Amino acid sequence: MKGNQELQVIVQQEKETNPTDQDERNWVSGSQTKVSHSNTYKRWLRMAFYTFFVISGQSAATILGRLYYENGGNSKWLATIVQLVGFPILLPYYLLSVKTYTTTQRDDKITSLRNRALVYIVLGLLLGAACYLYSIGLLYLPVSTLSLICTSQLAFTAFFSYFLNSQKLTPIILNSLFLLTISSTLLAFNNEESNSKTVTKGEYVKGFICTLGASAGFGLLLSLQQLAFRKVLKKQNFSEVMDMIIYMSLVASCVSVVGLFASSEWKTLSNEMESYKLGQVSYVMNLVWTAITWQVFSIGGTGLIFELSSLFSNAISVLGLPVVPLLAVFIFNDKMNGLKVISMILAIWGFISYVYQQYLDGKNLKKSHGIPTTESLDPPEAEGSSGQSK
């Protein structure tokens, strides 16, 4: 009996000194929970920074672009080049972020160099054309009007995605398309003069059409990029998206430089810089910072693609557009008349409808795959590239 009691004491001591399997599981689970919360906080912090980059970069670049025209700049091709030529700034970001967005996914199908080059060239030409149209719109339209028209990009993206990427047009999406269309259409009747020079009715119409064409071009660009990733490149990882952005910008920059020389606008640049109202140094700094801020926008948009999706990145860029009209009221003394206010309300309403549909789609997708609705620790694969939305 005494031996049995001693044995029981020894067993009890072992139970007290050695953790059980359940204790080990609880410890591991607690550690994983701490890591999960830490990673989630870091991810939300990154998303906040990227969102700030998108909104601030886009707003600053648009304001600087308008300042260029307001103070004596007149070269549409030069205004186009500065939207594109800053892409080398992305290279350090590319190198520093490649480890963060590494993926274990591999694809045995290798895209031929010919097909890859064709994709970059076609999309680069489209990007260059859209940026040129945007420059024309920025020349003839008040910056507040231009920014509100650019919200139609979201509608064009959904429209082209319906035909190219089989995106469903639900009642909520159709409501968003209707609101964004009406929002832009209202501004066609808002003939307004720039503060620095008189804009004729014909020039206003030209600016309106070109800005609308630029929005359509950027919407088509985003849809074609998503199609290219799915049908041609066969994979959607960080390296592929960054390659597409950099090579597209390279092609578009080369096309814009050719356009600058072919149009003979390069001959007037020297006189333009000398007669710039704010001085030659301000002229150069305006162009440099315009190029930099557009690339800040690109970095933010690319980051949001990998944290969430290309659709969310595009939506955030559109969300930032109403910020510009508010800034233009103070910087350029643009008038916020009733028509613009109604247009802004409709644009924000359309944006909210679009984002709500994406939220429902994501929620249904998670349910169908049995995925928990909590935030994922790993960034999702890219669904496409943001391109350069305005």
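The values are calculated or read from the model by the stated rules, or taken from the named source; none is laboratory data. This structure is a prediction, so every number in the text was calculated from the model and none was measured. Note: ideal-geometry Cβ built from the backbone for every residue, glycine included; neighbour counts use all protein chains shown. Quick note on the areas: whole protein, heavy atoms, side chains included, nothing else; ligands and nucleic acids left out. Shrake-Rupley method; radii C 1.70, N 1.55, O 1.52, S 1.80 Å.
So here's what we get for this one:
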read-out	value
Matching residues, the stretch 337-350, being out of contact with any Ser or Thr (no Cβ under 7 Å at 6 or more places or on another chain) and not polar (S, T, N, Q)	338, 339, 341, 342, 344, 345, 348, 349
Residue match in the stretch 280-292 (condition: open to solvent by less than 10 Å² (accessible area, probe 1.4 Å), within 23 Å of residue 52 (Cβ to Cβ) and touching a Pro at 6+ places or on another chain (Cβ under 9 Å))	no
Given (1) at pLDDT 80 or above; (2) touching a Ser or Thr at 6+ places or on another chain (Cβ under 7 Å); (3) open to solvent by less than 10 Å² (accessible area, probe 1.4 Å), number of the condition residue 232 does not satisfy	(3)
Hits in the stretch 320-337 (condition: of a type in the set (A, V, I, L, M) and not in a helix (DSSP H, G or I))	321, 336
Residue among 353, 298, 256, 343 that is under 17 Å from the mean Cα position of the chain (by Cα), buried (at least 16 other Cβ atoms within 10 Å of the Cβ) and hydroxyl-bearing (Ser, Thr, Tyr)	298
Residue satisfying condition, being in contact with a helix residue (DSSP H, G or I) (Cβ under 8 Å, 6 or more places away or on another chain), crowded, with 20+ Cβ neighbours inside 10 Å and within 21 Å of residue 326 (Cα to Cα), within set 222, 186, 133, 179	179
